Amino acid sequence: VVFEGGDGVGKSTQARLLADWASEQGLAARVTFEPGDTAAGKLIRAIVLDPATGDLDPRAEALLYAADKAHHLYEVVRPALARGELVICDRYVDSMLAYQGAGRVLDLDEVASIARWATDGLVPELTVLLDLEPEAAVGAIAQPDRLEQAGADFHQRARSFFLDLAASDPERYLVLPARRTPQWIAQQVQTRVRQLLSVAA
């Protein structure tokens, strides 16, 4: 299960709430995130998000995110799946497509090809998109990181692309308004995950 959406919409909160619920159901869950949930990933995260990095070629930025994904799957995600755990990830391929593709205005087919190669085609069973206008989300962050400082047009392009992705595959996406209470959002997510688990059983 992947949580996607703009910056500041509550993805990490919902990932934690889902993991707590899974634990209550007796399920082993692994909460993780991209970029940065490995030792190598932390170094990549510092490069792509630290404002001190300054201007990066958009292709270089995309390749750094792809490298983080490849190693993250190798070290964290695939081993957890092999153990039968519910993997709950804060950001995944859709973020790379929305930010480095649509946001940086790179060729989306090329970015998607790189992302598929980096992840060996692993697709989430459910992607929860928390949707909110960028001004109300990233605009409220007190100390924005390098990507959060990319400008209103960048974040609007990313939001529009997230919504287009969700509309193209409604069976795999759950789009929820991020302005609703965390508890309400968590209940909607739990209902959808219950359905997935019943099918898997």
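The values are calculated or read from the model by the stated rules, or taken from the named source; none is laboratory data. Worth saying up front: this structure is predicted, and the values here are computed from it rather than measured. Quick reminder, even Gly has a Cβ in these numbers, built from the backbone with ideal geometry, and neighbours come from all protein chains shown. All accessible areas refer to the heavy atoms of the entire protein, side chains included, with ligands and DNA or RNA removed. Shrake-Rupley method; radii C 1.70, N 1.55, O 1.52, S 1.80 Å.
Here are the numbers:
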item: Residue within region 142-165 that is open to solvent by 70 Å² or more (accessible area, probe 1.4 Å), among the small types (Gly, Ala, Ser) and in a loop (DSSP other than H, G, I, E, B) present; result: yes
item: Residue in region 104-111 that is farther than 30 Å from Ala29 by Cβ and under 16 Å from the mean Cα position of the chain (by Cα) present; result: no
item: Residue match in region 123-138 (condition: assigned to a loop (DSSP other than H, G, I, E, B), under 23 Å from Leu64 (Cβ atoms) and modelled with pLDDT of 95 or more); result: yes
item: Subset of region 145-175 (residues that are at pLDDT below 90, under 22 Å from Gln14 (Cα atoms) and in contact with a Gly (Cβ under 9 Å, 6 or more places away or on another chain)); result: Leu147, Glu148
item: Candidates Arg45, Arg59, filtered to the one that is open to solvent by 60 Å² or more (accessible area, probe 1.4 Å), modelled with pLDDT of 95 or more and over 15 Å from the mean Cα position of the chain (by Cα); result: Arg59
item: Residue identified as in a helix (DSSP H, G or I), of a type in the set (A, V, I, L, M) and modelled with pLDDT under 95 among Ala52, Ala40, Ala67; result: Ala52
item: Failed item in (1) assigned to a helix (DSSP H, G or I); (2) open to solvent by less than 60 Å² (accessible area, probe 1.4 Å); (3) more than 22 Å from Leu18 (Cβ to Cβ), with Tyr74 passing the rest; result: (2)
item: Members of region 166-195 found to be surrounded by 14 or more Cβ atoms within 10 Å (Cβ to Cβ), of a type in the set (A, V, I, L, M) and not in a loop (DSSP other than H, G, I, E, B), listed by number; result: Ala166, Leu174, Val175, Leu176, Ile185, Ala186, Val189, Val193
item: Residue, nearest to Val76 (Cα to Cα), within region 16-37, restricted to residues that are part of a helix (DSSP H, G or I) and small (Gly, Ala, Ser); result: Ala19
item: Glu4 vs. criteria modelled with pLDDT of 95 or more, acidic (Asp, Glu) and more than 29 Å from His155 (Cα to Cα); result: no
item: Some residue of region 88-99 being open to solvent by 40 Å² or more (accessible area, probe 1.4 Å) and not in a helix (DSSP H, G or I); result: no
item: Selected residue (criterion: most open to solvent (accessible area, probe 1.4 Å)) from residues of region 119-134 that are over 15 Å from the mean Cα position of the chain (by Cα) and over 25 Å from Ala152 (Cβ atoms); result: Asp120
